[in-house]
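Bear in mind that the values in this text are calculations on the coordinates, not laboratory data. Source: prediction; values computed, not measured. Using ideal geometry, Cβ is built from the backbone for each residue, glycine included, and neighbour counts are taken over all protein chains shown.
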């Protein structure tokens, strides 16, 4: 029987419970598996005070020492992979194999940023005799970070890794639905010897926590991953208090399939990737624009692959796709399916809830959806794909760029000319060609347009957690 951890706040190096709590549900059964502690105003104030003290210590800690502690924590998480993965599958529903991979991915963020901690170089600017101009990169201060429910381990890891590598302290508000990954991160850093107050973990009502943390003088950066609507609200609040933000927001990723590829192979690859994490991925490939000459075999192979996936409990070894993460998602996807049908789209497979307990929704593929269908304009955030024919690459690129989102975009082609056009003309922060992988630890990740701004990961990832300080020194 999988073990679900006792969920507590972690403030100033100590675990604490609260008077108020909310139920945590297993989405495969809709049964309660734990209780989420709801932070009070006093808890948040304690976290702010602790983070201020933690920043004074951590910002003066040698980068090599920061890296040592981060690597030690990552090793602990790797050693605890099975325990963490089982907790993630219990609270999120994803197949256990995906949960294990997510733990490794989270560790990779810590390991990469630990390496970057010792490479936050400054520079000396050539100047006239007798004066020196020196540029330094210093930690920005305490970070208020907010992570989403779709990746309980890897999403918090990105923010914690960037903050700690740069020398910042952090208050992490992790997702209410899926808190266990963040608890295990805090536990690993506690056991690795991170000074008290550097990493603080709170849970509760998102609006209450953000409205209290963001205006405080201790908060110097707001880092958020989530929906565009909420991201805009937090950005507005931060702007009123002159706080910079790092926003990784929603997407609606287009996929351009050119006429020079094997349509069946491209379709099988696409359908399998689309249904990863039950499609609950901000970079999930969703709008497929397929050249009309290969459209029919692509659509058929895609639908057949999606329909054949085994949907079930994440602990069942045969499961290829788990439930949706909460009770809101089946309602949303059912509404998108009904709207698409009403507007003339063809339902190739799925479009309905599945019977039984839990929040299961059938892998869904629709074809020939008109531009005014809601699914063409709103991010489905679920196992929901749209396949439309196009007559040319020009038409595909135009339609791909038509939405205000720009997080990820994809293309399949064996033509160097087509690949160059896709790389140059698709409006997205991350463009992948002949692969549906949009992000790894060593590459910068983030969006354009309504998909946010700023970058996490890669050599650029620490820049948002630092300030640039210029020293002008007149010698003599």
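Quick look at the values:
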read-out: Kirkwood hydrodynamic radius (C-alpha pairs) into Stokes-Einstein, the range 395-458, 4 °C and 1.567 mPa s, D in µm²/s; value: 107 µm²/s
read-out: For the range 253-440, the fraction of alpha-carbon pairs in successive 10 Å shells from zero, as %; value: 10, 40, 37, 12, 1
read-out: Distance between modelled label sites at residue 233 and residue 391, nm, 7 Å Cα→Cβ extension; value: 4.4 nm
read-out: Degrees separating the helix 295-308 axis from the principal Cα axis of the chain, which is the longest one; value: 70 degrees
read-out: C-alpha center-to-center spacing [the range 1-75, the range 444-471] in angstrom; value: 25 Å
read-out: Proxy reagent accessibility, fewest Cβ within 10 Å first, across 470, 225; value: 470, 225
read-out: The chain: relative contact order as a whole-number percent, Cα under 8 Å and 6+ apart; value: 18 percent
read-out: Förster radius 45 Å - calculated FRET efficiency between residue 205 and residue 343 (Cβ-Cβ, nearest 0.05); value: 0.80
read-out: Nearest-0.05 FRET efficiency for residue 355 and residue 118, computed from C-beta distance (R0 60 Å); value: 0.65
read-out: Anisotropy class of the range 113-185 from Cα gyration tensor, a/c 1.5 cut; value: prolate
read-out: Cubic angstrom per residue, convex hull over Cα atoms of the chain; value: 150 Å³
read-out: Least to most buried among 96, 213 (fewest other Cβ within 10 Å first); value: 96, 213
read-out: Of all DSSP beta bridges in the chain, antiparallel share, percent nearest 5; value: 45 percent
read-out: Residue-span extension gain [residue 272 to residue 14] - 0.36 nm each, minus C-alpha spacing; value: 88.6 nm
read-out: Extension gain, residue 83 back to residue 35 (0.36 nm per residue minus Cα-Cα distance, nm); value: 15.4 nm
read-out: Point-to-point label distance, residue 42-residue 371, nm (Cα→Cβ direction, 7 Å offset); value: 5.8 nm
read-out: Two-site label geometry, residue 448 and residue 378: point separation in nm, points 7 Å out along Cα→Cβ; value: 2.7 nm
read-out: Angle in degrees between helix 96-117 and the longest Cα principal axis of the chain, rounded to the nearest 10; value: 40 degrees
read-out: Tilt relative to the chain, helix 81-92 - C-alpha long axis, 0 to 90 degrees, to 10; value: 60 degrees
read-out: Residues 22, 474, 246, sorted so that the one with the fewest Cβ neighbours within 10 Å comes first; value: 474, 22, 246
read-out: Full-extension gain in nm, residue 318 to residue 133, via 0.36 nm per residue minus C-alpha separation; value: 60.4 nm
